[in-house]
Amino acid sequence: MYESLMSAAIAINTDSETVRFFDISNGIGQKDTMLGNYRARPFDDEFFQKLDRGIKAYKLKNPVAQFSKVSLILPNHVFLTDTIKIPALNKRAMEQSLDLAFGAIYKNRNDLKYKTYVLTQNKQFSIYGVVGIRKDLLEKIGKVCSENEIDVQSITFASNASANAAIALNQKLKAANFLLLDIKENEAQYAFVNKGRTVGYYSLPFGHSILYKSRLAAEDLLFDHTSAELLVLNAKEKAKAKQITMMGEEIMTDADAIEVAKEENSYNSEDAPIFPSENTYDGKKAARKLPKFMQRELPTDREGFLYENFRIFVKWTLDLLANNPSITSLGAIDTVYVNMPSEYAFLLDKLNEEKEENKVIFEALVSDGISNPLYEQADELELFGALHTSLYNKMNNF
């Protein structure tokens, strides 16, 4: 049953600072944590030292674990995904044009290992998909794994592994266009899929833990804007300290421009959160209050609060679909498959009452009619999907 699958999957998550291992060498899934809270900057020298020590400790703890066919999952942000459109020419000329176009877009191309593949073509043009990663990162990870006798046969990104899982769980998606939304406890990941191929990703720094039952989540506090706010604060102070005048007229400095840009791009558009909240962030920062005309009616029950909080994911989903024409033009996406705890499944039914307005349907990825013993053992969608890298989306493997 499992001959065509990888024997194990290892997932590195730099946000949660964990490394997860999933082994099916005995026909069932065995999961464990190699490293937890390793406290190192992502992929610096200290990280690789701790990864090396963690693998050694794990192997001592689990002497029967198999490392012969391993799929390694890295965070989305260390991969690039793109599309490039090339006029229809002869094969060699198109390859040269593609190479020139890639070099023009990515000035550090010599530092990258990348792959290209045809997404669609006609008599006028061809559109290629591109996926890539830094060579030095592959080399460093490969070195640690090799020294620990781990046979890594594929390296891919988290959203691609999750898309593989979706296809493995629901074979009708093998050639489908869809958007996958995987909502974990403290993060959420999207995968854009065109004809069964993962062509893009996006991540949110919050998950179903924001689905409060008695209060509303403040969307503006779900993102860490500390660095940006510090930049603006410093710019404001410099602008006050140094005003440049010429011919009696005030000239805008770079710092002033930053301040003006901040003010002009404050929440005054339809993209602003549509409900108020009195929540605080780390007990220090109050949520932004909106004018009354921008506020929705406050919920009065548990389901109402859950639904209003879930609408944050819906907003981001619809924004992603509306603002990625280079992907959606390849094939219309009319369904979003959502992976989240079953206790929230009722939210999708309520949401689909607005399907005419949203122009898209939200469906649960895993329903009562879909089951897989390995998936039930995996505590992360991408761990299960990484076992299938030899079957689906091979172009996204390194």
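The values are calculated or read from the model by the stated rules, or taken from the named source; none is laboratory data. Predicted model only: the values in this text are computed from it and were never measured. Please note: Cβ atoms are built from the backbone with ideal geometry, for glycine as well, and neighbour counts cover all protein chains shown. These accessible areas exclude ligands, DNA and RNA; they are computed on the full protein's heavy atoms, side chains included. Shrake-Rupley method; radii C 1.70, N 1.55, O 1.52, S 1.80 Å.
Values as computed for the structure displayed
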item	result
Flag if residue 82 is of a type outside the set (A, V, I, L, M, F, W, C) and closer than 14 Å to residue 140 by Cβ	no
Residue check, residue 269 modelled with pLDDT under 95, out of contact with any Gly (no Cβ under 8 Å at 6 or more places or on another chain) and crowded, with 18+ Cβ neighbours inside 10 Å	no
Subset of the stretch 381-398 that is in a helix (DSSP H, G or I) and open to solvent by 30 Å² or more (accessible area, probe 1.4 Å) - its residue that is nearest to residue 21 (Cα to Cα)	394
Residues within the stretch 57-87 that are within 13 Å of residue 151 (Cβ to Cβ) and modelled with pLDDT under 85, tallied	2
Residue in the stretch 231-238 that is within 20 Å of residue 314 (Cα to Cα) and either open to solvent by 80 Å² or more (accessible area, probe 1.4 Å) or of a type outside the set (Phe, Trp, Tyr) (or both) present	no
Complete set of residues in the stretch 312-322 that are within 16 Å of residue 211 (Cα to Cα), touching a helix residue (DSSP H, G or I) at 6+ places or on another chain (Cβ under 8 Å) and buried (at least 21 other Cβ atoms within 10 Å of the Cβ)	312
Every residue from the stretch 38-56 that is modelled with pLDDT of 90 or more, in a loop (DSSP other than H, G, I, E, B) and hydrophobic (A, V, I, L, M, F, W, C)	43
Residue check for residue 378: open to solvent by less than 70 Å² (accessible area, probe 1.4 Å) and modelled with pLDDT under 95	yes
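Here's the yes/no breakdown for (1) open to solvent by less than 30 Å² (accessible area, probe 1.4 Å); (2) among the hydrophobic types (A, V, I, L, M, F, W, C); (3) at pLDDT 95 or above:
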site	(1), (2), (3)
102	yes, yes, yes
122	no, no, no
139	no, no, yes
177	no, no, yes
